[in-house]
1. Roughly how many Å is it from the Cα centre of region 31-46 to that of region 131-201, as a whole number?
2. What is the chain's relative contact order, in percent, from Cα pairs under 8 angstrom and six or more apart in sequence?
3. Grab the DSSP H runs of the chain that are 4 residues or longer, score each as -39,500 (n - 2.57), total them, divide by all residues and round the 222 nm result to the nearest 500 deg cm²/dmol.
4. Would you mind checking the pairs 29/183; 10/183; 40/126; 40/73; 114/193 and listing those with alpha carbons more than 28 angstrom apart?
5. Note down, for region 16-73, the three equivalent ellipsoid semi-axes (square root of 5 times each alpha carbon gyration tensor eigenvalue), biggest first, whole angstrom.
6. I'd like to know how region 1-100 sits against the 2.2 N^0.38 Å rule of thumb: what's its Cα Rg over that expected value?
7. Which value, in nm² and rounded to one decimal, describes the direction-averaged projected area of the C-alpha convex hull of the chain?
8. For q values of 0.11, 0.18 Å⁻¹, compute log₁₀ I(q)/I(0) with the Debye formula on a Cα-only model of region 96-204, without solvent.
Amino acid sequence: MEQGTEEWLKARCGSLGASQLNEALATTKSGWGASRENLKNRIIAERLTGIPAETFKNAAMEWGTAQEDNARKAYEAHTGVFVDEMGIAHHPALKHTHASPDGLVGDDGLIEIKCPNTTTHIETLKAKKAPSKYINQMMWQMRCTDRQWCDFVSFDPRLPSHLQLFIVRVERDEAIIADLEAKVAEFLTEVEKEIETLNKEWEK
């Protein structure tokens, strides 16, 4: 299925996506972060209603979405490999969690595309590595698709041609994945218990 379609939105309704992992696992000095509770409530609402929650999009996010296909083509031109687009991949062992990678590369790889604002792209060029905030997302994508590596791509066509495209490969890390699976399982168990409690307390 094509990403962004009604079919795709329904397929991920009530499910924890790879891009939401940082929200689900965010912590503060005193415990879990507020984003975790907000995300739980959003997933609970989707499970109970069957209606995908509306997501906020600002101008920067719309720009990123609009440039994604151009970034994919730039990656293909630079690497000489073809990217096969896909819709959704559910986790093979944990129910209600999934990933929607930006594309499959060959038999073992993935691509994760970001088209950020120019200052963020320049920061990535200077760092010469994938921003740490995207590592969990890519690891979850690799687990859900049974892939061994993910090429992180940052693209900004507003810059001179030699600075527009950044590519770095992130290898699968089983230790990180195992830790994520344990924490995600805990999060999903909390969702199930809260749904059960709501139903019991209010069906009387």
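What follows draws every value from the coordinates through simple rules; no lab data is involved. These numbers come from a predicted model, not from an experiment.
1. 17 Å
2. 20 percent
3. On the way: 7 runs with 98 residues, N = 204.
Result for the chain, helices only: -15500 deg cm²/dmol.
4. Details: 29/183 18 Å; 10/183 25 Å; 40/126 36 Å; 40/73 36 Å; 114/193 35 Å.
From the list (29/183; 10/183; 40/126; 40/73; 114/193), the Cα-Cα distance tops 28 Å for 40/126; 40/73; 114/193.
5. Result for region 16-73: semi-axes of 26, 17, 10 Å.
6. 1.27
7. Result: a mean projected hull area of 12.8 nm².
8. Result of the Debye calculation: -0.47, -0.89.
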